[in-house]
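Novice: Okay, here's the structure, questions in a sec.
Bear in mind that the values in this text are calculations on the coordinates, not laboratory data. If you're wondering where the values come from, they're calculated on a predicted model, not measured in any experiment. Don't worry about glycine lacking a Cβ; one is built from the backbone with ideal geometry, like all the others, and counts go over all protein chains shown.
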Amino acid sequence: MSVIKKWRMNLLDILFPHLCLGCHSYLENRLAALCQNCRDKISISSAFCCSNCGRRLPTTGGNIKKCSCEHSFIVGLAINYESQPARELIKGLKYSGITAAANELAEFLADFIKNSGLNLKNFYILPIPLSKKRMRERGFNQSELIARNFAKFLGIPSVAIISNAMLRVKHTRQQTKMPDYKERLENVAKCFSVIKEEEIKGRQFIIIDDVFTSGATSAEAVKTLKLAGARKIIVLCAAKA
Ligand SMILES: [Zn+2]
Ligand SMILES: [Zn+2]
């Protein structure tokens, strides 16, 4: 590193020190969002489950399911909101635009996949799209950031990321204040639209989202992709609220 570059980095560090989102200790690595201590407080899951009843489900064997829930899908939730550093990660990413949090969450997702033993070779990756309005407000799509980092961690080529075949055509209200699942489903009904069917038809997908609350958004995305001819879909969310 040149002297000027080093000097500039030091100045940047003094003006804007890069801090752990969990405990506010100083972080040397600007790509990290948590210190090792906070990261260790978060446990990573390894099992896929039914989106409806939460029962563990196998990912092999086509669409054979081991529970009888209707309209459910297979979902993998890497971490949950229980620990404070996990909550700070999501908040930092969604509301403060701290993109290092996407890198951290993507690593948790990659570890989840490694733990689960699922082979992603024949899957395409589809981040949940944002509406134009939300994109303007936030400036980036957090699910896409997570998906791109996730692919990098697992050595998946970027051509396997399908990010503009399905759009979010309806701007929906934030669901956090809607306690009723039916209301949430109505809120997201027909909010997605496939504009490039040739990129969906006959393919297997891993949908990537940041937070899984009731699953209404994921359910709508699964439905839309299936109608466009997607073969098998697994939803992967960084965190369970
Ligand atoms: Zn920390
Ligand atoms: Zn079930």
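Novice: Treating the beta-carbon of each Lys and Arg as +1 and of each Asp and Glu as -1, no other charges, what is the dipole magnitude of the stretch 164-224 about its Cα centre, to the nearest 20 debye? Numbers along the way, then the final one.
Specialist: Values: 11 positive and 9 negative charges, 29 e Å.
Using only the charged Cβ atoms, the result is roughly 140 debye.
Novice: Ok, one more. What number, rounded to the nearest 500 deg cm²/dmol, is the helix-based mean residue ellipticity at 222 nm of the chain, given -39500 (n - 2.57) per DSSP H run of at least four residues and division by all its residues? It would help to have the intermediate numbers written out before the result.
Specialist: On the way: 8 runs with 86 residues, N = 241.
About -10500 deg cm²/dmol.
Novice: Please work out, to two decimal places, the log10 of the ratio I(q)/I(0) at q = 0.13, 0.18 Å⁻¹ from a Debye calculation in which every Cα of the chain carries one identical scatterer.
Specialist: -0.80, -1.47
Novice: Sticking with this structure for a sec: Of the DSSP beta bridges with both residues in the stretch 43-240, give the percent that are antiparallel, rounding to the nearest 5.
Specialist: Once the DSSP bridges in the stretch 43-240 are tallied, antiparallel ones form about 25 percent.
Novice: A further question on this structure: Indicate the helices, whole DSSP H runs only, in the chain that combine a mean Kyte-Doolittle hydropathy of -1.0 or more with a Cα extent along their long axis of 15 angstrom or more. Provide the component values of the computation, followed by the final result.
Specialist: Details: long enough: 3-15 (18 Å, 0.48); 84-95 (16 Å, -0.73); 100-116 (24 Å, 0.26); 142-154 (18 Å, 0.12); 216-227 (17 Å, 0.31).
Once both thresholds are applied, what remains is 3-15, 84-95, 100-116, 142-154, 216-227.
Novice: Based on the Cβ-Cβ distance of Phe140 and Arg87, what FRET efficiency does E = 1/(1 + (r/R0)^6) give at R0 = 22 Å, to the nearest 0.05?
Specialist: For R0 = 22 Å, the calculated efficiency reads 0.60.
Novice: For the chain, what relative contact order do you get, as a whole percent, if you take Cα pairs closer than 8 Å and at least 6 residues apart?
Specialist: 20
Novice: Can you give the convex hull volume per residue for the Cα atoms of the stretch 78-179, as a whole number of Å³?
Specialist: Hull volume over Cα atoms, normalised by residue count, gives 129 Å³.
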